[in-house]
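Q: The structure under discussion is supplied below as structure tokens; questions concerning it will follow.
The values are calculated or read from the model by the stated rules, or taken from the named source; none is laboratory data. Since the structure is predicted, the reported quantities are computational estimates derived from the model, not experimental observations. We place every Cβ from the backbone using ideal geometry, glycine too, and count neighbours over all the protein chains shown.
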Amino acid sequence: MVKSVWFVMAVTISIFAQDADLQRDCLSCHQTQQIPNSLIYKRYLMKYSTETAIENAMIKYLQNPKKSESIMPSAFFLKFPMKEALQVPEPVLRQNIRSFIDTFDVKKKLKIKVH
Amino acid sequence: MLSSEKRSLVRFLVIYLASTLLLFSLASWIFYSSTKHHLLDKQRDTIMYEAERIKSKLRGLHQSNDAVLYYPSHSKIDSAIYDLDKKYIFGTFKPSVKLDTILSKDTLYYLSKVEPYYLGAAYLLTARKIDYTPIYALQKQILFFLLLAGIVFSALGYFLGRLFVAPMRDAIARMNLFIQDTTHELNTPISTILTNIEMIETFGKHVENMDELKRIEIASMTLSRIYDDLTYLNLNHHYHRKIENLNMGDLLKERMVYFTSMLEVKKIDTVLDIQDDIILNIDKNDALRLIDNLLSNAIKYNKRYGTLNVTLDKSMLCIADTGIGMSKNDLSEVKQRFKRANKSEGGFGIGLHIVSQVCENYDFDLQIESTINEGTEVKIVW
């Protein structure tokens, strides 16, 4: 029983810790610059379909931002500057990306209407 | 119905019905397969249409910012979306097998691609249970049709069978009649001969026995003619004819002498108008059969104390009697083999058939005129 309580607590702390990292490393900046996270995720989803492909595409772009690697249309960069490469270790970056996907995953919102 | 006739009819019916059934079964199977395919295609069309509707809804859901996204559902059609790795995302059902191997006997599946990947969906699977109601209705219709066709074709086959075995039945009936007639025809003269010989033996040979001897003579002549007619009928197409210049006047007079006994018995008066030196190119046996049959008929069917008119000139032979005559219906059929207009007298019904054949062989014109109870006139024009 005690072990179970410790396990639940560990998982909860871990999740909160991940969310905290995402908020600190990514979303704080996104919020300041009014970047629509949900729309960005949907663009990735519409192009890459699977979580693994989205994760890899995000890593590739964040580590070496280029127009060709970006999910945004090229016209977007006429108005907004190209972001700088993130100097975050890849495991941390992957962890944040997974949290990002998990946070904005629209599939979770899907329900079947009961007639 | 004779057993051989029944056997032929049954064999015909079996072959006819089996081949008809085979043909109809094949046609029905092709029709059933084609229509079933068409009915399933119609049902498949509904899931394809539903797939397009769901794709359109997925686009709307992808762009929506609502807290809850209601997945499009249908009362009869299930659907599910899969990502690019064919991993299940969401749906109204979740097949237990992999997407690549999905196949079912009772369910129709339709897998379509979704592009772009709205909600991450790269594949959309739609499925519906096959509605067997129209297929069962089709099966019933085909079975009913086969049953109806079976009944109609059985009746038709039976009718056709009877029609086909009719000539055989007629031939057998004719054969039976021929045998009956032959035995009767042979029995009468043979009995006459035997009875009269017995009378001569009993009462001794006297001048008074002349009647018995005449009856024996007539009976023997009858037997001889029966033999000649039957031989002629049997060998007609096979024996070699010797065509020669034959004096018909002489031959006719000779045959009149031959039939004298028969004429005397019936007390028939003869009126002869026979020109001499009427020469015909004809086989003697053919001429004999022609004259003998006409004279024999004219005597046989004449009345007692009747008249026999025999005329021969360079263009024709005419033999007329004052006998029982024939109806118009009988006249039209009397030349057929074994056809007898009157059954009161003996005979096979081959006499006029032989006359008709001889006329045909030599291109003679055979004319028969008859009135009931007045007599018959047979004219052969060459």
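Q: Is at least one residue of region B:140-147 under 26 Å from B:LYS76 (Cβ atoms) and within 14 Å of chain A (Cβ to nearest Cβ)?
A: Within region B:140-147, none of the residues are under 26 Å from B:LYS76 (Cβ atoms) and within 14 Å of chain A (Cβ to nearest Cβ).
Q: State which residue pairs qualify: first residue within 14 Å of chain B (Cβ to nearest Cβ) and inside region A:49-69, second residue assigned to a loop (DSSP other than H, G, I, E, B) and of a type in the set (Lys, Arg) in any location, beta carbons under 8 Å apart, and separation of 6 or more residues or different chains.
A: Filtered contacts from region A:49-69: A:THR50/B:LYS87.
Q: Which of the residues belonging to region B:266-281 are part of a strand (DSSP E or B) and either closer than 26 Å to B:LYS300 by Cα or in contact with a Ser or Thr (Cβ under 7 Å, 6 or more places away or on another chain) (or both)?
A: Within region B:266-281, B:ASP269, B:THR270, B:VAL271, B:LEU272, B:ASP273, B:ILE274 meet the criteria.
Q: A further question on this structure: Mind checking which residues of region B:88-115 are surrounded by 15 or more Cβ atoms within 10 Å (Cβ to Cβ) and part of a loop (DSSP other than H, G, I, E, B)?
A: B:THR92, B:PRO95, B:VAL114
Q: Taking into account only those residues within region B:71-83 that are more than 7 Å from chain A (Cβ to nearest Cβ) and in a loop (DSSP other than H, G, I, E, B), which is farthest from A:PHE104 (Cα to Cα)?
A: In this case the residue turns out to be B:LYS76.
Q: Among the residues of region A:54-105, write down those that are in a helix (DSSP H, G or I) and among the aliphatic types (A, V, I, L, M).
A: A:ILE54, A:ALA57, A:MET58, A:ILE59, A:LEU62, A:LEU78, A:VAL92, A:LEU93, A:ILE97, A:ILE101
Residues are listed down the side, and each one gets a yes or a no for (1) among the hydrophobic types (A, V, I, L, M, F, W, C); (2) at pLDDT 95 or above:
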position	(1), (2)
B:MET1	yes, no
B:ILE30	yes, yes
B:SER34	no, yes
B:ILE54	yes, yes
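Q: I'm trying to understand the selection: among the residues of region B:113-132, which are touching a helix residue (DSSP H, G or I) at 6+ places or on another chain (Cβ under 6 Å), within 14 Å of chain A (Cβ to nearest Cβ) and under 17 Å from B:THR101 (Cα atoms)?
A: Listed by number, the list holds a single entry, B:LEU124.
Q: Additional query: If you take the residues of region B:11-70 that are outside any helix (DSSP H, G or I) and of a type in the set (Ser, Thr, Tyr), which of them is nearest to the other protein chains (Cβ to nearest Cβ)?
A: Among them, the one singled out is B:TYR70.
Q: Next up: Among what's in region B:254-310 and is in contact with a Cys (Cβ under 9 Å, 6 or more places away or on another chain) and surrounded by 19 or more Cβ atoms within 10 Å (Cβ to Cβ), pick the residue that is modelled with the lowest pLDDT.
A: Only one residue tops the list, namely B:LEU290.
Q: Considering only region A:15-53, state which residues are part of a helix (DSSP H, G or I), of a type in the set (S, T, N, Q) and under 14 Å from the mean Cα position of the chain (by Cα).
A: Within region A:15-53, A:GLN18, A:GLN23, A:SER28, A:GLN31, A:ASN37, A:SER38, A:THR52 meet the criteria.
Q: Which of (1) under 25 Å from A:ILE54 (Cα atoms); (2) more than 11 Å from chain A (Cβ to nearest Cβ); (3) hydrophobic (A, V, I, L, M, F, W, C) is the odd one out, the single condition B:LEU108 does not satisfy?
A: (1)
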